[in-house]
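The next block holds one structure in the form of structure tokens; read it before the comments.
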Amino acid sequence: MDEFELVIIGGGLASARAIKSYRQAGGGGRILLVSKDSALPYDRPPLSKRYLRGEAEAEDTLVEPENFYADNDVDLLLATTVARVDSRESEVELADGRRQRFRKLLIASGAQPRRLECPGAGLSGVFSLRTLADAAAIRDAAGRAREALVIGGGFIGMEVAASLRQLGLEVTLVNRASGLFQALGAPELEPDVAEFFADNNINLLLLDEVAAFRVRSHVDSIETRMGRTVATDFVVAGIGVEPVVDFLLGSGVKVGNGVLVNQRFETSVPGIYAVGDVANFYDPLYSRRRRIEHWSNANYQGAEVGRILAGASGGYDTVSTFFSEIFDLTVKVFGDLSEHDELIVRGSIPERDLLGFYLQRGRLIATLVVGQDKETEEWLKHLIKDRGSVDPRILGDESPDSGAIRSLARSK
């Protein structure tokens, strides 16, 4: 049985970042990376955008080149599944029965797509998008198709729909909610988002959902709950993901909507840590737990935990960031908007110039940003982290240079 200083479960961005920062912080010993994926760690944002549209290839998505792992004394076990973690013996058991011993364990197993619960969901031509292989299959299908149907009005569904439309396909997007991008918590903006998609010739079916798939040898149409029939050459479902934690049963590692960790990413078992999409972590800015499924979070947490594993100080201490690119529209969210009780919006999506301020009891907890410069974005993060009370009249100031907002940030 091999023994490693650090074993990492999961082959995504957080894992690659952790390895790099661990070595940079002086972390020694052998590292083992175990991943279900057959590819080296890669960035996921291009999968629904540049890679899907054929503007980038697989090697362009890699977080680090192949030689990085050999140069940093990392053993790779790709296309390999972890069956369970034996925390008492400090061992990871693989699906083929092999065991690997660790001194420290990092769980970065990520998340997996939710499954459609309707007849025909497992048919050929019905895809989800999570891995590079998924994106390659969708890209191949798009190259042979005229029509596509996308399920889900979240950021994956919207990004995929936009990319397929940019490839020249006729695209229909089905969403059970009354609008798109409801995670923004901004009902007043939903008509603008819907209009934006309609202006880009995407057919929207809202307040509806897929009831069944019709098929001969391959999916060729869908039926909706509202009785509509829509022809399509293939389907992409973007209905959310769930954390991968099944292999932790009986390990002693506490789970609950992911792996429960503290501010330093430590689990309930000493020597075992978790980061990225799977980590339900403590955010000191909001004094509560959060689980974030975005690139920026995996990038930050991976780098932070690498230093911690090497013996350095650190822990979660940042304003979370999320971004999405849809056609020529880039949307950014700073902070956590999930518990806001007031929203102030200035500007508009059609103008590509928008600021949304999410308040909770008069304090700024998050912002929605479209078309702002880097300096303004940094001031907004400063305001959120400061947690001071703000004057809604200043936040609503429509001055083009955002001078009032910056003055407010400087005064804190």
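Can you find a residue that is open to solvent by less than 20 Å² (accessible area, probe 1.4 Å) and closer than 24 Å to Glu159 by Cβ anywhere in the range 53-61? Yes, there is a match, as at least one residue in the range 53-61 is open to solvent by less than 20 Å² (accessible area, probe 1.4 Å) and closer than 24 Å to Glu159 by Cβ. Considered as a group, the residues in the range 12-35 that are part of a loop (DSSP other than H, G, I, E, B) and small (Gly, Ala, Ser) include one that is surrounded by the most Cβ atoms within 10 Å (Cβ to Cβ), and that residue is Gly12. None of Phe213, Phe197, Phe155 is hydrophobic (A, V, I, L, M, F, W, C) and over 24 Å from Leu47 (Cα atoms) except Phe213. Quick check, is Val230 more than 28 Å from the chain's Cα centre (by Cα), among the hydrophobic types (A, V, I, L, M, F, W, C) and assigned to a strand (DSSP E or B)? Yes: the conditions hold for Val230. Taking the criterion of being polar (S, T, N, Q), more than 24 Å from Gln301 (Cβ to Cβ), assigned to a strand (DSSP E or B) and without any contact (Cβ under 8 Å) to a residue 24 or more places away in the chain, would at least one residue in the range 196-217 satisfy it? No.
Going by the conditions given, is Val275 out of contact with any Pro (no Cβ under 9 Å at 6 or more places or on another chain), buried (at least 18 other Cβ atoms within 10 Å of the Cβ) and either more than 14 Å from Ala108 (Cβ to Cβ) or not aromatic (Phe, Trp, Tyr) (or both)? The answer is yes for Val275. The criterion of at least 2 residues that are farther than 30 Å from Lys332 by Cα and touching a Leu at 6+ places or on another chain (Cβ under 9 Å) is met, among strands (runs of 3 or more DSSP E) falling completely within the range 36-131, by 74-77, 82-86, 91-94, 99-107.
Restricting attention to the range 139-160, does a residue exist that is closer than 29 Å to Asn262 by Cβ, of a type outside the set (S, T, N, Q) and in contact with a strand residue (DSSP E or B) (Cβ under 8 Å, 6 or more places away or on another chain)? Within the range 139-160, one or more residues are closer than 29 Å to Asn262 by Cβ, of a type outside the set (S, T, N, Q) and in contact with a strand residue (DSSP E or B) (Cβ under 8 Å, 6 or more places away or on another chain).
The condition of being farther than 30 Å from Glu266 by Cα and of a type outside the set (A, V, I, L, M) holds for only one of Glu293, Glu351, Glu304, Glu339, that being Glu351.
Matching residues to (1) more than 29 Å from Glu339 (Cβ to Cβ); (2) open to solvent by 20 Å² or more (accessible area, probe 1.4 Å):
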| position | (1), (2) |
| --- | --- |
| Pro119 | yes, yes |
| Gly125 | yes, no |
| Thr131 | yes, yes |
| Leu149 | yes, no |
| Gly157 | no, no |
| Ser178 | no, yes |
| Val193 | no, no |
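The helices (runs of 4 or more DSSP H) found entirely in the range 287-398 that carry 3 or more residues being out of contact with any Gly (no Cβ under 8 Å at 6 or more places or on another chain), at pLDDT below 95 and open to solvent by 60 Å² or more (accessible area, probe 1.4 Å) are 374-386.
The residues on offer are Gly153, Gly168, and the sole one that is more than 25 Å from Lys332 (Cα to Cα) and in a loop (DSSP other than H, G, I, E, B) is Gly168. Right, Glu3: modelled with pLDDT under 95, at negative phi and either aliphatic (A, V, I, L, M) or not in a loop (DSSP other than H, G, I, E, B) (or both) or not? Judged against the criteria, Glu3 is a match. Among residues of the range 174-186 that are closer than 22 Å to Gly335 by Cα, those with a beta-carbon under 7 Å from a residue that is in a helix (DSSP H, G or I) and β-branched (Val, Ile, Thr) at least six positions away or on a different chain give the pairs Leu180/Val193; Phe181/Val193. Annotation: of all residues in the range 241-274 being in contact (Cβ under 8 Å) with a residue 60 or more places away in the chain and polar (S, T, N, Q), the one that is nearest to Glu117 (Cα to Cα) is Ser251.
Filter the range 88-117 for residues that are on the phi > 0 side of the Ramachandran plot and not polar (S, T, N, Q); which is most open to solvent (accessible area, probe 1.4 Å)? Step by step, filter the range 88-117, then rank; the result is Gly97.
The values are calculated or read from the model by the stated rules, or taken from the named source; none is laboratory data. Only a predicted model underlies this, so the values are computations on that prediction, with no experimental measurement involved. Backbone-built Cβ (ideal geometry, glycine too); neighbour counts: all protein chains shown. For accessibility, only protein heavy atoms count, side chains too; no ligands or nucleic acids. Shrake-Rupley method; radii C 1.70, N 1.55, O 1.52, S 1.80 Å.
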